[in-house]
1. Among R41, R47, R71, what is the fewest-to-most ranking by other Cβ atoms within 10 Å?
2. Put one equal scatterer on each alpha carbon of the chain, apply the Debye formula with no solvent term, and list log10 I(q)/I(0) at q = 0.23 1/Å to two decimals.
3. Can you sort V28, V8, V62 from fewest to most other Cβ atoms within 10 Å of each residue's own Cβ?
4. Would you kindly derive the ³J(HN,Hα) couplings of the stretch 53-58 from the backbone phi angles with the Karplus curve 6.51 cos²θ - 1.76 cosθ + 1.60 (θ = phi - 60°), listing them in order in whole Hz, with x for Gly and Pro?
5. For the stretch 25-73, which GluC sites (Glu not before Pro) are both in a DSSP coil and crowded by at most 11 other Cβ atoms within 10 Å?
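Derivation of every value follows stated rules applied to the coordinates shown; laboratory data play no part. Please read these numbers as outputs of a predicted model, since none were measured by experiment. In this analysis, Cβ positions are derived from the backbone assuming ideal geometry, glycine residues included, and neighbour counts consider all displayed protein chains.
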Amino acid sequence: MLDAAATVPGVHGAYHLIDPATGNGLSVALFEDEAAVQAARRAIEKRAEEIGWNNAPHPTPVSETIYQVVRHV
C-alpha cells in the first residue's frame, strides 16, 4: 500500500513501524497538505481493491491521529 501512496504528488514519505515482540504497528506519513492526504487515501483504497485486500479480514487501526508539522530542522 505504501507503493500506491508514493505515486501521489504531495506525499513526502511514509513508514510502517512494527514492534517485533508484540506485533503492534504504527504508521507515520508526511503530506504536503490535506489534498495530498485525501489523494493518497484514494490511491490506497484503489490499490486495495485491485489486489483483493478487502476480500479477507485484516486488523484495522485502533485510532487515527493527524498532527501538523510546526517545526522541521
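1. Fewest to most other Cβ atoms nearby, the residues stand as R71, R41, R47.
2. -1.22
3. Listing V28, V8, V62 from fewest to most nearby Cβ atoms yields V62, V28, V8.
4. Per-residue couplings from phi come out as 4, 7, 7, 9, x, 9 Hz.
5. E64
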